[in-house]
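What follows is a single structure, written as structure tokens, with notes after it.
The values are calculated or read from the model by the stated rules, or taken from the named source; none is laboratory data. Quantities reported herein were computed from a predicted structural model and do not represent experimental measurements. Cβ placement follows ideal geometry from the backbone for every residue including glycine, while neighbour counts extend to all protein chains displayed.
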Amino acid sequence: MAPKAPVTVTGTAAVRAIDERLILPLPQEASAQLPSRGQVAVHAVLGGHERDAVVEPDGRRGHWLDLPAQLVRDLDLREGGEVEFTLTTTKDWPEPEVPDDLADALESADDLAGTWPSLTPMARWEWVRWIGATRSEETRAKRVDVSIDKLRAGSRRPCCFDLSSCTDPELARSGKLRD
């Protein structure tokens with residue numbers, strides 16, 4: 001089976017604030033062109049600035065992009081401002097930002113020194129996402145411990161959770177981007 005050809009999606013989207021965070025919800029017609037209702041790795045050009053990113057599901061068959069603080073400053077973005085975008089899907093996932101609690105646990109687990117680097121970047125995204133998809137510090141700590149146990153047992157993925165509903169608790173509830 002031949003690999004899927006990259007898909008390029010272009011358009012303009014309005015910046016949205018959820019509390020203090022700025023995101024870029026994609027227009028429905030742009031989301032519909034993406035190959036998955038879940039996370040999608042892309043090479044993004046946002047307002048002329050290039051970056052590799054992961055487009056996130058909004059829980060309503062759409063997608064959104066996180067707008068990092070540096071990009072917000074560089075483009076002087078505000079809620080309601082418009083951003084031109086070009087997104088090109090890629091099989092090459094960017095490295096996730098590993099949270100300190102997971103990084104510390106992995107560093108302390110000497111027997112796993114080669115395990116984390118042996119996972120695909122997509123799998124590492126899934127571990128990071130699963131750990132971060134809770135508001136409870138107790139649950140989060142338990143997920144870090146369970147992650148180490150699962151990795152020791154040979155698991156390459158955290159579980160068979162629904163990626164579209166395992167989202168950032170600051171921005172979403174029950175898998176849906178907050179209104």
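Taking each residue of the range 65-83 that is without any contact (Cβ under 8 Å) to a residue 40 or more places away in the chain and looking for partners that are in a loop (DSSP other than H, G, I, E, B) and of a type in the set (Gly, Ala, Ser) with beta-carbon atoms closer than 7 Å, six or more apart or interchain, yields 75/47. For the range 51-90, a residue qualifies if it is polar (S, T, N, Q) and under 13 Å from residue 30 (Cα atoms), and the qualifying residues are 86, 88, 89. Within the range 125-158, can you find the residues that are in a loop (DSSP other than H, G, I, E, B), hydrophobic (A, V, I, L, M, F, W, C) and surrounded by 13 or more Cβ atoms within 10 Å (Cβ to Cβ)? Across the range 125-158, the qualifying residue is only 133. Here is the figure for the range 82-103: residues that are surrounded by fewer than 16 Cβ atoms within 10 Å (Cβ to Cβ) and either of a type in the set (Gly, Ala, Ser) or within 16 Å of residue 152 (Cβ to Cβ) (or both) total 1. Filter the range 108-124 down to the residues that are among the hydroxyl-bearing types (Ser, Thr, Tyr) and part of a helix (DSSP H, G or I), then identify the one that is surrounded by the most Cβ atoms within 10 Å (Cβ to Cβ). Across the range 108-124, the extreme among qualifying residues is 115. Evaluating residue 18 against the criteria (1) surrounded by fewer than 20 Cβ atoms within 10 Å (Cβ to Cβ); (2) among the β-branched types (Val, Ile, Thr); (3) in contact with a Ser or Thr (Cβ under 7 Å, 6 or more places away or on another chain) leaves one unmet condition, (3).
Yes or no: the range 67-80 includes at least one residue that is closer than 24 Å to residue 126 by Cα and in contact with a Gly (Cβ under 9 Å, 6 or more places away or on another chain). The answer is no; no qualifying residue exists. Output the number of the condition that residue 126 fails; it satisfies all remaining conditions of (1) in the same structural domain as residue 13 (by TED's automatic domain parsing); (2) free of Cβ contacts under 8 Å to residues at least 40 places away in the same chain; (3) over 21 Å from residue 5 (Cα atoms). It is condition (1) that residue 126 fails.
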